[in-house]
Structure formats: structure tokens, C-alpha cells
Amino acid sequence: MLVIGLMSGTSYDAVDAAAAGLRFEGGTLVLRPLGMLSTPYDDGLRAALAAALPPASLPLAEVCRLDTCIGRAFAAAAVRADRELCGGDAELVASHGQTVFHWVADGRVHGTLQLGQPAWIAEATGLPVVADFRARDVAAGGQGAPLVSLFDLLWLRGRPGRPVALNIGGIANLTAPDGTAFDTGPGCALLDAAVREFSGGRLAYDADGALAGRGRVDRGLLERLLAEPYYALPTPKTTGKELFHAGYLRASGMLDGVRPEDALATLTELTARTVAGAVRSVGATEVIASGGGMRNPVLAGRLGRLLAGIPLRASDELGLPAAAKEAYAFAVLGFLTAHGLPGTDPRSTGARHARVLGSLTPGSTGLQLPPPPQRAPERLVVEPPNSTP
């Protein structure tokens, strides 16, 4: 089956689309990467999203407009991916949508909201769409995150030692081979928020870590940031921009009397320290990393030094481009849903049971689901992109 996975993370800068050929071979799920593309949000939509995210409050009229505009943006990305990556032969779209709120209180997740109405995708492509993945896990008592954990467990199964999958997006998360999975804290969320604040909105991120690379870590400020209670919470746990946003920076004193370069150096150190501490806490013997944060050489370099003795590898070395790994993961989750298979491991999210995830929107020819396999896959293998299925 040819599946398009659509993803926009907590950096809300673009819709990433990855196309995959997926098939079962006994207890193995085989993934053939067909390529990825990224379609940036237009400036108006990005600005509207930035204005909508916590701690902002939003009228329902604006929620409706965002749901529609994000749905159209995802639809355009899916059409382009079908044409450019699948030759018009895609059979299913799996859409993560855009997370705008994750309701966390007292260590529990009570609800979650991803915008990007899948009807727009189904109408534009004519394909069935699996969307709204997180809500079912939350309803089953889970954290609803990190949802890539089942993908990671299948993908890294059989590697020696204790390989850990790490993704550094707006929020960083990891998955360990015993099923432990959690958000470690901010990836690039605070870095991006600080850049926007210091530049008056002219810049969205610290390109190549250039500003942070010219700064010095403020040790006192770093210690205050490291005292954030989230880091000491037991797993499973999840967080997001509901906590780590520009208001958080203001409350910390980060934006008052601190040179921008020093603030960014300090926030880079915060991310590297919290990620490295989380990796060591699960006994990792190697780290397979992905996400936009790995494109920041200052952050990646500092993380590598803090993980001295633990190899830090890009997911590209295992066949999945670091920039597209999460989009491929959601393609797999959509494929599992279409076949009636669970998309979670309760050890990772804390849910009471493994559940089939998401909702299905029929395509132009109605809804015709494939027959379920005789057994759920026990591992995932990535084969070369140009191989013959």
C-alpha cells in the first residue's frame, strides 16, 4: 500500500509529507521510503497559529478558520505528495494535523486538540484519510504522546544494547527499548520563542545556531530553568507549548537584561542538558536522532559532547531522513489503523490498553478497508528506496 504521512510539529512552520510503500511479510512490517517534501505555511497562517497558541485565548470563530485553513494546507501538501512522490498512485493519507492544545493537569492528560479538518484532504485527493490519532489514546487513559513510540519500538527491535530513538522538534521526546517513552522537555520551542521575541518577529529561529554560538551560558539563569518541576515528574509524561512558550521566558527573566546571544546559548544548553539527562536515565547505549533540532549544529554538537561515550547517530544512517522520520511514522500509524491494528504500546503512553488510533474519512469511492493481517507486526524493516517491492 502506498501511504502519505502528513506532519506539522510544535514548530508550526510547514507541513511535511512523506510517502511510503508499506507491506506485511509475516511478522515484519516493511517500509520503503519514497521521498519527502515540505510545504511551508504561508506567512498569514503561521502568524495566526502563533497568535492562537497558549497562553492566548481564542474565539471559536478563529478556531473554525484555523481548522479550515490548516486542513487546506494539509490537503495541498497531500496532493503535491501524491503527484510528485507517488505518481498519482497513493492509496491512503495519514494526517497528524496541527496540535494547538494538549490539556495536561495534575500529571494527567485530559484532552488534546489537533486542527486540520481531514475532509479537505479527502476531498482534494479522493483518498481515505486517517486523522486525529491522539484522542483515542487519551480516552484510554494515556498521555497521547509520544505517539511515535510504537514505530520506534518496531524499528529498533533487534539492535544490540539499548538503542534509544530521540526526536528534537519544538518538544523533544525519546523511546527506550523497554517501552519507556516521554517528552524530555523543550527541544527548540523556547529557542524559537526567544528568537521571535528578540527580533520583534522578524526571525522565526536561530539559523544554524549562529546566535547561540556567539553567546555565553548564564549559569544562574540556567540553574533556575533546570529547576522546572516538569523534569522531575515520573514517566510516562508529556508536555508542550502550553508550558514552554514566550510567557515562560518572560517569567524566568530570560528577556530582561540578558544579551540575546547569551539567552540563546543558555536555552541551547538547557535543551542539551535535559535531553542528555533523559537519555542517560534510560540506560541508552546509542541514540538514533531525528527532528529539526538536529539541523542546529550548536545544539547537536553540545548534545554529542554531553553524551560522551554514547554514540549519537542521525536516523539517516538507518534509512530514514531525520527531517522526515515523524511523517514516515504517521504513515505507518495510518497503515496500522486501516488494517485494524493498534498504534500504541501502553508502556509508552500509560494507556490502559493498546488501541486502534484515529478516525477515518472516506475517499471519493467510499471506504474499502484491506483485510487485517493474520498477526500484528513484531518489527519494522526499512528497505532501500529504489528496491523492488
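The values are calculated or read from the model by the stated rules, or taken from the named source; none is laboratory data. Small disclaimer: the values here were computed from a predicted structure and weren't measured. Methodologically, a virtual Cβ is constructed for each residue, glycine included, from the backbone with ideal geometry; neighbour enumeration extends over all protein chains shown. The accessibility values were calculated without ligands, DNA or RNA, using every heavy atom of the protein model including side chains. Shrake-Rupley method; radii C 1.70, N 1.55, O 1.52, S 1.80 Å.
Relative contact order for region 22-95 using alpha-carbon pairs under 8 Å, separation at least 6, rounded to a whole percent?
Relative CO of region 22-95 lands at 30 percent.
Counting alpha carbon pairs within less than 8 Å and at least 6 residues apart, what relative contact order, in whole percent, applies to the chain?
Working: 884 pairs, mean separation 96.4, N = 389.
With pairs under 8 Å counted, the relative contact order is 25 percent.
Given the protein chains as shown and a 1.4 Å probe, how many square angstrom of Val217 are accessible, to the nearest 10?
Result for Val217: roughly 40 Å² accessible.
Which whole-number value in Å² is the accessible area per residue of region 145-253, probe 1.4 Å? Walk me through the numbers on the way to the answer.
Details: 4210 Å² over 109 residues.
The answer is 39 Å² per residue.
Order these peptides, 56-66, 5-15, 231-241, by their mean beta-carbon neighbour count within 10 angstrom, highest first. Could the numbers behind the result be given before it?
On the way: 56-66: 12.5, 5-15: 24.2, 231-241: 18.8.
Per-residue Cβ counts within 10 Å, averaged per peptide and sorted highest first, yield 5-15, 231-241, 56-66.
Please report, as a whole percent, how much of the solvent-accessible surface of the chain comes from carbon and sulfur atoms (probe radius 1.4 Å). Display every interim value, and only then the final one.
Numbers: 8330 of 15620 Å².
Its accessible area is 53 percent carbon and sulfur atoms.
For region 178-325, what is the charge dipole size about the Cα centre, in debye to the nearest 20, if Lys and Arg each add +1 at the Cβ and Asp and Glu each add -1 at the Cβ?
It works out to roughly 160 debye.
Taking the Cα centre of region 147-204 as origin, work out the dipole magnitude from +1 charges on Lys and Arg Cβ and -1 charges on Asp and Glu Cβ, in debye rounded to 20.
With only Lys, Arg, Asp and Glu charged at Cβ, the dipole is about 160 debye.
Treating the beta-carbon of each Lys and Arg as +1 and of each Asp and Glu as -1, no other charges, what is the dipole magnitude of the chain about its Cα centre, to the nearest 20 debye?
About 680 debye.
Taking +1 at the Cβ of each Lys and Arg and -1 at the Cβ of each Asp and Glu, which of Leu270, Ser252, Ala284 sits farthest along the dipole of region 223-296 towards its positive end, judged by Cα position relative to the Cα centre?
Towards the positive end, the residue furthest out is Ala284.
Note the angle between two axes, namely the Cα long axis of helix 260-281 and the longest principal axis of the Cα atoms of the chain, as a number of degrees from 0 to 90, rounded to the nearest 10.
60 degrees
For the chain, what proportion of DSSP beta bridges, expressed in % and rounded to the nearest 5, is antiparallel?
Taking every DSSP beta bridge within the chain, about 65 percent pair in antiparallel fashion.
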